[in-house]
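**Student:** Take this structure, written in structure tokens, and hold onto it; I'll ask about it next.
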Amino acid sequence: MLAERRTALVGDINFAIKGGSQESTKNMFEFGTDWFLVTPHDASSLVVNSRRTPSVKIPFSHQYLPSPMEARRVALEIERYDPEHLIINHPDFYTGSLFLALPKSLRRRSHALWRAEVDRTTAIREERPLKAQARKAVKGIQQRMQRYVGNNVSSNLVVSEALVSSLENIGIHNNIRVIPEQIGGEFSPAVRSSEGAVHERRKYLDDDELGVLIVTRLSSERGLSWLPKLIESLRKERRFISPESPYRKLQVAVAGQIIDGQEEYVARVMEEINAVVDRTGDIRHADSITFRYLGKFDRVGLQKIYNAYDVLFHPSPSDGFGRVAVEAMSAGMTVITRTDNKAASEIIQNPPYAVGDIVDSPEELARRLLHQMQDSELLRSLQQQALRWASGHYSLKTAEEMFWNALSGQM
């Protein structure tokens, strides 16, 4: 599609939002354009439209300020390429400094792409007070840079309505355009609907066991503090469900990579879960509620577990776009997310029919899951409607059209 387009991308080349596998996804690079990349990633092997993509490498640090000479050097490389559109992927100190070094003609062709909330400081809560204060001060300075870039680019592209409020909260009001459908076709219910579905499911679950899956990067920011309370509520309340329930057991499983530096925090959460299991061991039927950590999966492995489990719980209190929720729905899972996660809640609330649920607390989540254990028809209906919505609503073709319309001002 229109290969004569020339587009420069400044920043992270994970242009389509990272999914549960946390791998670099290149869906947006398939859009019809020639790319020039200014990125901290090694793009030397990236081939688009049968051509090797030209690139300039910059530092990884989001808090690194380039010298005026370095900023001007990179800006000259961009000028030499002379892009029709220049996209700054989630502006930070470095990329904001590059924007300031560009001539006005290129600034008028620039667009900021925002993929995460910019007004939250959830990571600070787990740190020591002095370190937290320092990070808060740095974040405040970065927000000033982001505000300047956001209010001086041609447009601000956001991947959810939740990000509109986030930008406005730090003072960005300039030409905000929502382009949410940056996903499509990566996952399917192929395993779930195959002849070997039962065999694949039995690798993880018993026949009378409801499978609840969490796919996330494991860190203090991802809502893992809900898990001990969830397991405790499930183990205490399991004794009250009907003996005729189609599911007699329930497994909560977590899949994902432990983020560097978060090992101690994750170990503490696991210890709390083990303590809950010990504390509730004498309650009738409590042993039918279990917890597993599955480890990290690649895309092929994710396809299998999305198809094996029944319900996805999305624990994060904040997202730019709840991509994992869409991935799971595309594989035939129903989804439950938290009320305070506005982006993931949008995905659940947008369809004109029920595809999942939104909860306020671990205790409410436990009640919803125990209800689904007893009502297989409700569960099946939610799964079918989630698949119908995800497969019909999220497509790369739609994303491409919205993307180019946003850049050209036609939205």
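**Student:** If amide H atoms are built 1.01 Å from N in the plane of the peptide, which residues on other chains or at least 5 residues away come under 5 Å of the amide H of residue 34?
**Tutor:** Correct list: 5, 6, 7.
**Student:** Also: As I understand it, the dipole of region 143-254 uses +1 on the Cβ of Lys and Arg and -1 on the Cβ of Asp and Glu, about the Cα centre. Which of 173, 227, 242 lies farthest toward its positive end?
**Tutor:** Working it through, the farthest residue towards the positive pole turns out to be 227.
**Student:** Return the long-range amide H neighbours of residue 322 (sequence gap of 5 or more, or a different chain), with a cut-off of under 5 Å between placed amide H atoms.
**Tutor:** Here the answer is 344, since their amide H atoms fall under 5 Å of that of residue 322.
**Student:** OK, next. With springs connecting C-alpha atoms under 10 Å apart, model the chain as a Gaussian network and identify which of 228, 59, 243 has the largest mean-square fluctuation.
**Tutor:** 243
**Student:** Starting at the first residue of region 211-224, write each ³J(HN,Hα) from the Karplus equation 6.51 cos²θ - 1.76 cosθ + 1.60 with θ = phi - 60°, in whole Hz, x for Gly and Pro.
**Tutor:** Computed from phi, the couplings for region 211-224 are x, 10, 10, 10, 10, 6, 6, 8, 7, 5, 8, 9, x, 5 Hz.
**Student:** Which whole-number percent is the relative contact order of the chain (Cα, under 8 Å, 6+ apart)? Don't skip to the end; give the middle numbers.
**Tutor:** Numbers: 765 pairs, mean separation 65.8, N = 411.
Relative contact order, the chain: 16 percent.
**Student:** Can you list the HN-Hα couplings for region 279-291, worked out from phi with the Karplus curve (6.51, -1.76, 1.60; θ = phi - 60°), rounded to whole Hz and with x for Gly and Pro?
**Tutor:** 5, 9, x, 8, 6, 4, 6, 4, 6, 7, 9, 10, 10
**Student:** With each pseudo-label sitting 7 Å past Cα toward Cβ, what's the residue 137-residue 72 distance in nm, one decimal?
**Tutor:** Taking the two extended label points, one gets 3.1 nm.
**Student:** Quickly work out the residue 239-to-residue 350 label distance, labels modelled 7 Å from Cα along the C-beta direction, and quote it in nm with one decimal.
**Tutor:** Simple spin-label model gives 4.4 nm for this pair.
**Student:** Determine, for each peptide in 294-300, 403-409, the mean count of other beta carbons within 10 angstrom over its residues, then list the peptides with the highest first. Numbers along the way, then the final one.
**Tutor:** Values: 294-300: 13.3, 403-409: 17.7.
The most tightly packed comes first, giving 403-409, 294-300.
**Student:** So, one more: Spelling out what I want: for every residue of region 389-402, take phi, set θ = phi - 60°, compute 6.51 cos²θ - 1.76 cosθ + 1.60 (Karplus), and round to whole Hz; glycine and proline get x.
**Tutor:** Once θ is set to phi - 60°, the couplings for region 389-402 become 5, 5, 6, x, 9, 9, 8, 5, 4, 4, 4, 4, 4, 5 Hz.
**Student:** How far is helix 299-308 tilted off the main Cα axis of the chain, in degrees rounded to 10, range 0 to 90?
**Tutor:** 30
**Student:** Please report how far the C-alpha centroid of region 198-217 lies from that of region 318-350, rounded to the nearest whole angstrom.
**Tutor:** With region 198-217 and region 318-350 each reduced to a Cα centre, they are spaced 19 Å.
**Student:** Hey, can you find the accessible area per residue of region 203-349 for me, probe 1.4 Å, expressed in square angstrom? Don't skip to the answer; put the middle values down first.
**Tutor:** Working: 5620 Å² over 147 residues.
Normalised by residue count, the accessible surface of region 203-349 is 38 Å².
**Student:** Still on this structure: About the Cα centre of region 161-226, what is the dipole size in debye to 20, counting +1 per Lys and Arg Cβ and -1 per Asp and Glu Cβ, all else neutral?
**Tutor:** Working: 7 positive and 11 negative charges, 46 e Å.
Dipole size: approximately 220 debye.
**Student:** With all protein chains present, how much of the accessible area of the chain (probe radius 1.4 Å) comes from carbon and sulfur, to the nearest whole percent? Display every interim value, and only then the final one.
**Tutor:** Details: 8780 of 18320 Å².
Using a 1.4 Å probe with all protein chains present, the chain comes out at 48 percent carbon and sulfur.
**Student:** Starting from the amide H of residue 88, placed 1.01 Å from N in the peptide plane, find each other amide H under 5 Å away whose residue is 5 or more places distant or on another chain.
**Tutor:** The answer is 10, 111, 112, 113.
**Student:** Angle between the Cα long axis of helix 362-374 and the longest principal axis of the chain, 0 to 90 degrees, nearest 10?
**Tutor:** In the chain, helix 362-374 runs at an angle near 60 degrees to the longest axis.
**Student:** State the answer as a single residue: which of 372, 261, 106 lies farthest towards the positive end of the charge dipole of the chain, with beta carbon charges of +1 for Lys and Arg and -1 for Asp and Glu, about the Cα centre.
**Tutor:** 106
**Student:** Gaussian network model of the chain, Cα springs within a sub-10 Å range: biggest mean-square fluctuation belongs to which of 304, 397, 342?
**Tutor:** 397
**Student:** For the chain, modelled as a Gaussian network with Cα springs under 10 Å, which listed residue fluctuates most, 150, 356, 171?
**Tutor:** Fluctuation is largest for 171.
**Student:** To the nearest 20 Debye, how big is the dipole of the chain about its Cα centre, given +1 on the beta carbon of each Lys and Arg and -1 on that of each Asp and Glu?
**Tutor:** Values: 53 positive and 52 negative charges, 199 e Å.
Magnitude of the dipole: close to 960 debye.
The values are calculated or read from the model by the stated rules, or taken from the named source; none is laboratory data. Just so we're clear, the structure is a prediction, and the values are computed from it rather than from any experiment. All Cβ positions, even for glycine, are placed from backbone atoms using ideal geometry, and neighbour counts span all protein chains on display. Just the protein is used for accessible areas: all its heavy atoms, side chains included, with ligands, DNA and RNA removed. Shrake-Rupley method; radii C 1.70, N 1.55, O 1.52, S 1.80 Å.
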